[in-house]
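> Structure provided below as structure tokens; questions to follow.
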């Protein structure tokens, strides 16, 4: 019989595997898009060098160089991380907002967001900066 720690580890591994399977299609689509952007920019650069096409005034300047590619390991890691954060977020469009903890600045104490509501009045949160 499995003990609790191995059962917890198995549950975590299964959760990670399910998350990877959910993320894989979105990640592959984003990776293909990055590759296509690089491919189109490199192709345009080669065509310009070969002189097959003259620059028109309507075309934006070529902004991608050989050292500034979008399809890199770092960009793929960033896409994977962003997709993972998007799937794991607790706030969803059309659903009730999560009742997370916030810090009241004047009192310097932690409370839940909904603790700040007064009656049926709407609660407005300002995430601005004073700097």
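The values are calculated or read from the model by the stated rules, or taken from the named source; none is laboratory data. Not measured: the values here are computed from a predicted model. Note that we place each Cβ from the backbone using ideal geometry, even for glycine, and neighbour counts take in every protein chain shown.
> Would you be able to say whether some residue in segment 59-76 is surrounded by 10 or more Cβ atoms within 10 Å (Cβ to Cβ), out of contact with any strand residue (DSSP E or B) (no Cβ under 9 Å at 6 or more places or on another chain) and either in a helix (DSSP H, G or I) or modelled with pLDDT of 85 or more (or both)? Step through it out loud before you land on a result.
Looking only at segment 59-76, we keep the residues that are surrounded by 10 or more Cβ atoms within 10 Å (Cβ to Cβ), and these are 59, 62, 64-65, 68-72, 75-76.
Narrowing the set further to residues that are out of contact with any strand residue (DSSP E or B) (no Cβ under 9 Å at 6 or more places or on another chain) leaves 59, 62, 64-65, 68-72, 75-76.
Subsequent filtering for residues that are either in a helix (DSSP H, G or I) or modelled with pLDDT of 85 or more (or both) retains 75-76.
Yes, segment 59-76 contains at least one residue that is surrounded by 10 or more Cβ atoms within 10 Å (Cβ to Cβ), out of contact with any strand residue (DSSP E or B) (no Cβ under 9 Å at 6 or more places or on another chain) and either in a helix (DSSP H, G or I) or modelled with pLDDT of 85 or more (or both).
> Is it true that some residue in segment 99-114 is within 23 Å of residue 19 (Cα to Cα) and under 23 Å from the mean Cα position of the chain (by Cα)? Spell out how you get there, then give the answer.
Pass one, segment 99-114, residues within 23 Å of residue 19 (Cα to Cα): none.
No.
> Any idea which of 106, 83 is surrounded by 11 or more Cβ atoms within 10 Å (Cβ to Cβ), out of contact with any strand residue (DSSP E or B) (no Cβ under 7 Å at 6 or more places or on another chain) and at pLDDT 75 or above? Break it down stepwise before answering.
Working: 106 fails: surrounded by 11 or more Cβ atoms within 10 Å (Cβ to Cβ).
Within the list 106, 83, the selection yields 83.
> Step by step: first the residues of segment 1-56, then only those that are in contact with a helix residue (DSSP H, G or I) (Cβ under 8 Å, 6 or more places away or on another chain) and modelled with pLDDT of 70 or more, then the one that is nearest to residue 80 (Cα to Cα). Which residue is that?
Taking segment 1-56 and keeping what is in contact with a helix residue (DSSP H, G or I) (Cβ under 8 Å, 6 or more places away or on another chain), we get 2, 19, 22-23, 26-27, 30-31, 34, 53, 55.
Next cut, modelled with pLDDT of 70 or more only: 19, 22-23, 26-27, 30-31, 34.
Details: 19: 11, 22: 11, 23: 8, 26: 9, 27: 6, 30: 9, 31: 9, 34: 13 Å.
Restricting to residues being in contact with a helix residue (DSSP H, G or I) (Cβ under 8 Å, 6 or more places away or on another chain) and modelled with pLDDT of 70 or more, the top hit is 27.
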